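Below is one structure, written out as structure tokens; comments come after it.
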Amino acid sequence: MKKSRFSEEQIVRILQDGARGDRTVEAVCREHGVSANTYYIWRRKFAGLETDDVKKLRELEKENSQLKRLLAAKEMENDAMRALFRKNGMALPNGARERSF
């Protein structure tokens, strides 16, 4: 996906500028060098957000991706242990079940 030349905070400020109502959306888009289509896509994505909210959203997305990586690593470790137990002919630990997908 192409990286936007505007940060999320700048996008929110542009949207707030357009929402004030003193100018048309086309005039705001022309001033900032974006198309009206881009403006409406941004508005759908960032509707009602403030700049502080965008920072919090970015932090939450970063934390979420870290948690997903940790979960994936743990699942891989668990699958490797199950495979090792099966290979050695050992029973799975109490409470563990085989998963079939």
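To put it simply, the accessible area of region 14-63 at a 1.4 Å probe is 50 percent carbon and sulfur.
Leaving ligands, DNA and RNA out of it, rank Val54, Val25 by accessible area with a 1.4 Å probe, largest first. Mind dumping the intermediate values first?
Working: Val54 5, Val25 25 Å².
Putting Val54, Val25 in descending order of accessible area: Val25, Val54.
FRET efficiency for the pair Val25 and Met76, taken as 1/(1 + (r/R0)^6) with r the Cβ-Cβ distance and R0 = 41 Å, rounds to 0.25. For the chain, the solvent-accessible area with a 1.4 angstrom probe is 83 square angstrom per residue.
Placing +1 at every Lys and Arg Cβ and -1 at every Asp and Glu Cβ, with all other atoms neutral, what dipole size does region 2-43 have around its Cα centre, in debye to the nearest 20? Before the final figure, lay out each step's value.
On the way: 8 positive and 6 negative charges, 36 e Å.
So the magnitude is around 180 debye.
Given Cβ point charges of +1 (Lys, Arg) and -1 (Asp, Glu) and nothing else, what value in debye, to the nearest 20, does the dipole of the chain about its Cα centre take?
Numbers: 22 positive and 16 negative charges, 101 e Å.
Once rounded to the nearest 20, the dipole reads 480 debye.
Tabulate in residue order the Karplus-calculated ³J(HN,Hα) for region 32-43, using 6.51 cos²θ - 1.76 cosθ + 1.60 with θ = phi - 60°, rounded to whole Hz; enter x for Gly and Pro. Whole-Hz 3J(HN,Hα) from phi for region 32-43: 9, x, 10, 7, 5, 4, 4, 4, 6, 5, 4, 4. Shown in residue order for region 72-78 are the 3J(HN,Hα) couplings computed by the Karplus curve 6.51 cos²θ - 1.76 cosθ + 1.60 at θ = phi - 60°: 5, 5, 5, 5, 5, 4, 5 Hz (x for Gly and Pro). Under the simplified labelling scheme, the Tyr40-Glu9 pair shows an inter-label distance of 3.0 nm, with each label point 7 Å from Cα along Cα→Cβ. Rounded to the nearest 10 degrees, the angle from helix 8-19 to the longest Cα principal axis of the chain is 40 degrees.
In this rough spin-label picture, where each label sits 7 Å from Cα along the Cβ direction, the Asp52-Met90 distance is 5.3 nm.
The values are calculated or read from the model by the stated rules, or taken from the named source; none is laboratory data. Values in this document were obtained by computation on a predicted structure and should not be read as measured data. Backbone-built Cβ (ideal geometry, glycine too); neighbour counts: all protein chains shown. When the accessible area is computed, the model is the full protein with side chains, heavy atoms only, and any ligands, DNA or RNA have been set aside. Shrake-Rupley method; radii C 1.70, N 1.55, O 1.52, S 1.80 Å.
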